[in-house]
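The values are calculated or read from the model by the stated rules, or taken from the named source; none is laboratory data. Predicted model only: the values in this text are computed from it and were never measured. All Cβ positions, glycine included, derive from the backbone under ideal geometry; neighbour counts span all protein chains shown. Calculation scope for accessible area: heavy atoms of the full protein, side chains included, ligands and nucleic acids excluded. Shrake-Rupley method; radii C 1.70, N 1.55, O 1.52, S 1.80 Å.
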Amino acid sequence: MSRSEHAPGPPVQTTLRVDPLPTAECHPITVAPGMSRLFLDYCSGEPAARRFYGGSDPERWQQRPAPAAHRTELIDILARQNPGATAAGSIEALRQGAGAVLTGQQVGLFGGPLFVPLKAATALARARSATEAGRPHVGIFWLASEDHDFAEINNVEFPFRRELRKLVYGTTPQAAVPVGGIVLDGAIEPLLEAAGELIGWSDALEALNEAYQPGRTFAQAFGDFYRRAFGAQGLLVFDACSREVHGMGAPILREAITRADEFTARLLERDKELKSAGYHSQVLVSERSSLLFLIDKKSGARNALKRLAESAEEPDGMWQAGRERCSTADLLGILESEPERISPSALLRPVFQDYLFSTSLTIGGPAEVAYFAQSQVLFEGILGRMTPAQPRFSATVVEPDIAELLRRHELTLDRVYSETLDGLTQLVAARALPIDGKRKLSAAGNGLDQELTALLEWMHAMDAGLGRSADTAASKMRYQMNRLRRLAARFQTQKEESLGRHAQAIHNALIPGGHLQERVHGAAWYYARHGFELSEMLVERAMEACMAGHTTLWM
C-alpha cells in the first residue's frame, strides 16, 4: 500500500532527546527468570510456537486493518480522555487515518511497577518506526480498569537505602469491584507523604501528588500520571469502562454470549493442542467457564459468568454470576440496555480492544503473549484475523552505585540472576578471599578432580558395579570439597560484614525476591531519579534491535 493511502504526514509529537543515552547491553531473553517455554519459543521464532498465533509474522505488521464504522466516535472519546495539547498531534493523526499500536495494564498505586512504562515505550517505539517508514501510527495505552484483583494493584515497592519499602493502600472495597472505579479516600495522604520520603522531591512526586488525590479514582490517577510521563511522546491513554465504549464493543460481547459453548469447545481443544506440543495454557478454561463477567447491579462486584447445563425449560442453557442466574435472553437484554455491566475476560479482552481500534500491533508482556496463543481461536472465530503481537521491551536498570558493586565483585547480570540471595552472598564472599586462599582452594579442587577422574576410569574398567559405587563415593568427596569452599566463604562473610550488605543490595536492586526488577520496583522511583526524560530514553532504547531479548541499561 502506498503512502498516499495513509495519513498525509506523521503524528505531530514533541520529543525530548536524551543525550547521551545510557550504555545498553542486549542479552538473550533466556537469562531472565520465570519465563514460560511458550513465550521463549515465540520470541525465538520457533515454528512449533508460532503456529498457535495464526501464522502472522510479528515483524511484518504495519498493514493497518480496515477501520471500524465507529472509528470517528471512538476518536472523539479518546480526545475527551486526552485533552492536553501534547495529545493533539496523535488525535489528529488518528483522524487522518493513522493506525494504532496498542498496549495496556491494570491500573495501580503510584504508577505501578517499572514494566508499565516499558510497555508504553515499546508501543510508542513501534508506532514511531512505522511512521518513519511512511505508515503513520500512534501508541495507545489501554487502562485495564475493569479488572477486580485489588490485592494485585493496591501496593508499590520503592528502593530505599539498598532495601525495598512497600506501600499499601489499605482501604479495601467490600466486594470484588472493578479496581479502576475505586475512589481514593484519606488513606492515600499518608502514603503520598511516605512516597516523598522514599523517592524524594521531584517532578515525579509532584505528578503523583496531583494525580492520586482523595476523591479521584484509581483509573483517573494512574492514567493522569502516564499522560504526564509520556505526554511529550504523544501517548494516548484510554479507559473503556463506560457505557458508550461497551456499546461500541457490543458485537464482540454478543458473540461471546450467543456462541459461548462453541468458543469453550474451541478453547478446550486449543488447550489439548498446546499440551501435546509441550506447552501449558496460561488461562484455565473449564467446560462451564465463559469469556464474560457480569457486574452486579447492587454491589458492583465483577462476577465470572458460568454456563449451566441445558434443561427442558431452558434448551439454550442458563448462566450464573455469583448468586444471580439468568437466561441467554436476559444477558442479551442487559447488553442492550446496560452494556457496561458485561465485561470481557482476559482471553476475550484483546479481541474486544482490537475490534474497537482495528489494531495493527499489540504489545504484551510474557504472560499476555503466552495467552494470546489461546485467544487466537477467538480472534479467528470472531474477527477472522489474528492481530500480530510483539513482546514488550524488557530491561534491568543498573544505577551507578550497583554498577560499582558488580565491578568490584566481578559479577555479571546473568550470574546474579542465577543465584539466590544466599548463593550470591557466598559468591561475593568467595571472590573476596585473599589470593593465597583462592589459590589453595583452587589447587585442592583441581587436584581432587584430576585424581578422581583417573581413579574412576580405572574402577569402571575393572567392573561396572564397582564403578557405580565409586561414582557415589566420588560425588560425596566432591561435595565435601565444595563444603570447604562454602566454609571459607562463610568465614570471609562474617569477617567482612559489608560483603553480606553488598550481596543484599545487588539482589534487591536487580533480582528482588528472585523476580525481575521490572516486575517489583515502582516506576515512579526511576522517574524521580532520572526525570520524565526517562520516557524518551526508554522509547529510543525500545527502538533498537533487542526486541525479543533482555536489556541491561547502565545509567
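So here's what we get for this one:
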{"item": "Counting DSSP beta bridges with both ends in the chain, the antiparallel % (nearest 5)", "result": "55 percent"}
{"item": "222 nm mean residue ellipticity, helices alone, for the chain (DSSP H n ≥ 4; -39,500 (n - 2.57); rounded to 500)", "result": "-15000 deg cm²/dmol"}
{"item": "Area accessible to solvent at Trp61, 1.4 Å probe radius, in Å²", "result": "10 Å²"}
{"item": "Helical segments meeting 30 Å axial Cα length and Kyte-Doolittle -1.0 threshold in the chain (DSSP H)", "result": "435-462, 464-495"}
{"item": "Dipole in debye (nearest 20) - region 212-282, about Cα centre, beta carbon charges: Lys, Arg +1; Asp, Glu -1", "result": "200 debye"}
{"item": "Ranked by how many other beta carbons lie within 10 Å on average, peptides 362-372, 416-426, 88-98 from highest", "result": "362-372, 88-98, 416-426"}
{"item": "Unmatched cysteines, the chain - criterion: no other Cβ of a Cys under 4.7 angstrom", "result": "Cys43, Cys241, Cys326"}
{"item": "Region 106-208: C-alpha gyration tensor shape, a/c 1.5 cut-off, then a/b vs b/c", "result": "oblate"}
{"item": "Surface accessible to a 1.4 Å probe, per residue, for the residues of the chain, Å²", "result": "44 Å²"}
{"item": "Reciprocal mean inverse distance between Cα atoms of region 509-551 - Kirkwood radius, Å", "result": "11.8 Å"}
{"item": "Reduced Cα scattering model of region 133-173, Debye log10 I(q)/I(0), q = 0.19, 0.31, 0.32 Å⁻¹", "result": "-0.75, -1.06, -1.08"}
{"item": "Sorted largest first, extent of region 291-441 alpha carbons per principal axis (Å)", "result": "86, 37, 27"}
{"item": "Gyration tensor (alpha-carbon) shape descriptor, region 68-123, a/c threshold 1.5", "result": "prolate"}
{"item": "Ranking by accessible area, most exposed first, for Glu536, Glu163 with a 1.4 Å probe", "result": "Glu163, Glu536"}
{"item": "Length-normalised contact order of the chain in % [C-alpha pairs under 8 Å, at least 6 apart]", "result": "25 percent"}
{"item": "Two-site label geometry, Gln504 and Ala346: point separation in nm, points 7 Å out along Cα→Cβ", "result": "3.4 nm"}
{"item": "The chain - Debye-derived log10 I(q)/I(0), Cα point model, q = 0.05, 0.06, 0.10, 0.13 Å⁻¹", "result": "-0.26, -0.37, -0.90, -1.34"}
{"item": "Largest-first principal axis extents, alpha carbons of region 183-228, Å", "result": "25, 24, 10"}
{"item": "Unit charges on C-beta of K, R, D, E only; dipole of the chain, Debye", "result": "1120 debye"}
{"item": "log10 of Debye I(q)/I(0), alpha-carbon scatterers only, for region 204-339 at 0.16 Å⁻¹", "result": "-0.96"}
{"item": "Alpha carbon centroid spacing (whole Å) that separates region 525-555 from region 369-433", "result": "14 Å"}
{"item": "Qualifying GluC sites (Glu not before Pro) for region 222-300 [loop in DSSP, other Cβ within 10 Å: at most 13]", "result": "Glu287"}
{"item": "Dipole axis of the chain (+1 Lys, Arg; -1 Asp, Glu on Cβ), positive-most option in Ala32, Ala470, Gly231", "result": "Ala470"}
{"item": "Whole-angstrom gap from region 61-116 to region 249-301, using each part's C-alpha centre", "result": "27 Å"}
{"item": "Accessible carbon and sulfur surface of region 61-143 relative to its total accessible area, %, 1.4 Å", "result": "53 percent"}
